[in-house]
Amino acid sequence: MPKVPCPECDTEVEVRPGGRATCPECGARVRADDEPQVLEAVEDDAPRGRPRRRSRPKGDSPYPCPECGSRWVRKGPWPWYLGTVGAFMCKAMECQECGHEFDAYKPDANLGQRKLFLALAINGVGLIGIIIVLSLLFLEFRALNR
């Protein structure tokens, strides 16, 4: 095995080609390369000690705003006429950066049109149910009066 000088204490350390070893004298990691290691002194202005924490962007929502990309969003206003069923089908969100309202399930869709479609669909199903119940009651009364 070739012997490589330790970069810390210049002790000869046996290292297989392309491998790494630990210097028995100082404990530094020694690496065997095809070309000799060159150490360069670098001036570092960063203060020593604890590393700085990265500042997180505002908001941590899993739903980014489709307009500005901000993750600082909150639940948007929900109209009373869509009720609970509409809340399961559409999740209104409002961006705190740009004020854009969007649906978290379909961010690229127009939220106003989705709310209108859901209102028509939900209330249409309710209307059909009422018509069926009234028709059945009418048939029942008609059958009893015979």
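Any read-out appearing in this document is the output of simple, stated calculations on the displayed coordinates, not a laboratory observation. Treat the numbers as computed from the prediction; the structure is a model and nothing was measured.
Annotations for the structure displayed:
- With θ taken as phi - 60° and the Karplus curve 6.51 cos²θ - 1.76 cosθ + 1.60 applied, the whole-hertz 3J(HN,Hα) list for the range 6-20 is 5, x, 8, 10, 6, 7, 6, 10, 7, 9, 6, x, x, x, 10 Hz, x standing for glycine and proline.
- Karplus-derived 3J(HN,Hα) values for the range 80-95, using 6.51 cos²θ - 1.76 cosθ + 1.60 with θ = phi - 60°, are 5, 6, 8, x, 6, 4, x, 5, 6, 9, 9, 10, 6, 10, 10, 6 Hz; glycine and proline are entered as x.
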